[in-house]
1. Just need a number here: residues in the range 100-152 that are of a type in the set (D, E, K, R) and farther than 22 Å from H198 by Cα.
2. Check whether at least one residue in the range 210-223 is within 25 Å of the chain's Cα centre (by Cα), under 26 Å from L153 (Cβ atoms) and surrounded by 10 or more Cβ atoms within 10 Å (Cβ to Cβ), and report yes or no.
3. Go through the range 144-178 residue by residue and tally those that are among the acidic types (D, E), without any contact (Cβ under 8 Å) to a residue 24 or more places away in the chain and within 14 Å of V208 (Cβ to Cβ).
4. Of the residues in the range 178-198, how many are closer than 16 Å to R145 by Cα and either surrounded by 14 or more Cβ atoms within 10 Å (Cβ to Cβ) or among the polar types (S, T, N, Q) (or both)?
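The numbers here are math on the coordinates, done by the rules we state, and not lab data. Since this is a predicted model, take the numbers as computed values, not measurements. Cβ atoms come from the backbone with ideal geometry, glycine included; neighbour counts cover every protein chain shown.
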Amino acid sequence: MDDTGAQNTQDGPDGQDGPDDGQAGPVGPVRDAMVNWSPAEREWWWMGPFPGQVPGLVRRVRRILDVSQRGLAALLGVSQSVVARWETGRTSPRARVVQEMLHLARLRVGFSDVETGRPVEPMRADGARTHAGSRFPAHVDLRARGWWLPRRLRAMTSIEAFTCLDRSRAVQDPAIGYRVSTHHKRYERARWGVPDDHPAVHQFVAEVEWREEQLERRRQAIRRRLAS
C-alpha cells in the first residue's frame with residue numbers, strides 16, 4: 001500500500017489514485033485516510049518498517065517502472081484493487097504474474113541459503129528424463145547403471161540382449177535409476193555426498209563410457225599378467 005503523505009500525491013489506502021491524476025483525494029492526517037481500511041490493513045500499517053517481502057516487491061517494481069497502482073494493473077491485465085491487495089499483504093500474486101513483473105522491471109530473482117548465504121539455483125531444465133519423457137522425482141538421487149535394456153532382457157545374456165546393448169551404446173542411451181529405500185539413499189549420500197541436481201543425459205553417457213574404459217583397462221592388465 002502506498003504511504004499517504006501530507007501532500008497526498010500518491011495512491012490512497014483504498015488503491016485509488018490521488019489528485020495527481022485528476023481525482024480529488026482525501027486531505028488530512030493519516031488517521032482520516034484510514035477510515036475505510038480493514039483491520040488487516042491497519043495492522044500492516046502500524047507494524048512499521050519491515051523486510052518488504054511480496055508487498056515490498058510489488059512497490060519496488062512500481063517504483064522502478066514509475067507507475068501508479070492503476071498503471072501496474074494495466075500492464076499486468078488485472079484490476080487496481082488486486083494490486084492494492086498485493087501491497088497490503090491480503091493476497092499475493094501468482095508465480096507467473098511475479099515473473100511478468102520482474103520481466104517488466106528488468107529484474108532477476110535470486111535465492112540463497114539462509115544459513116550459509118550460498119546462492120541456490122532452480123533445478124536445471126535439461127535434467128535427465130525417463131524413457132516416457134517425464135521428469136524423475138526431484139527428491140531422488142539419480143545413478144547411471146550402464147546402457148539401457150528393456151526390463152524383460154535385463155537378466156538375460158541372449159543375442160537379443162547384446163544387440164539391444166549395442167544399439168543403446170550407439171545412440172548413447174544410458175540406463176538411469178535411483179534407490180527407493182531411504183536406508184540406501186542415506187548410505188549413498190553418506191558415501192558419495194548429496195548431488196546438487198539431476199545430471200543431464202550427456203553426463204550419464206560420459207560416466208558410463210568412463211566405466212567401460214576402466215573395465216577394459218583392467219581386462220587388458222589381466223591378459224598381460226596371464227600372458228607373462
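1. From the range 100-152, those of a type in the set (D, E, K, R) are 100, 106, 108, 113, 115, 118, 121, 124, 126, 129, 135, 141, 143, 145, 151-152; that's our starting set.
From what's left, farther than 22 Å from H198 by Cα: 100, 106, 108, 115, 151-152.
Qualifying residue count for the region: 6.
2. We begin by selecting, within the range 210-223, every residue within 25 Å of the chain's Cα centre (by Cα); these are none.
The answer is no; no qualifying residue exists.
3. 1
4. Of the range 178-198, the ones closer than 16 Å to R145 by Cα are 178-180, 184-185, 188, 192, 198.
Remaining after also requiring either surrounded by 14 or more Cβ atoms within 10 Å (Cβ to Cβ) or among the polar types (S, T, N, Q) (or both): 178-179, 185, 188, 198.
Of the residues in that region, 5 qualify.
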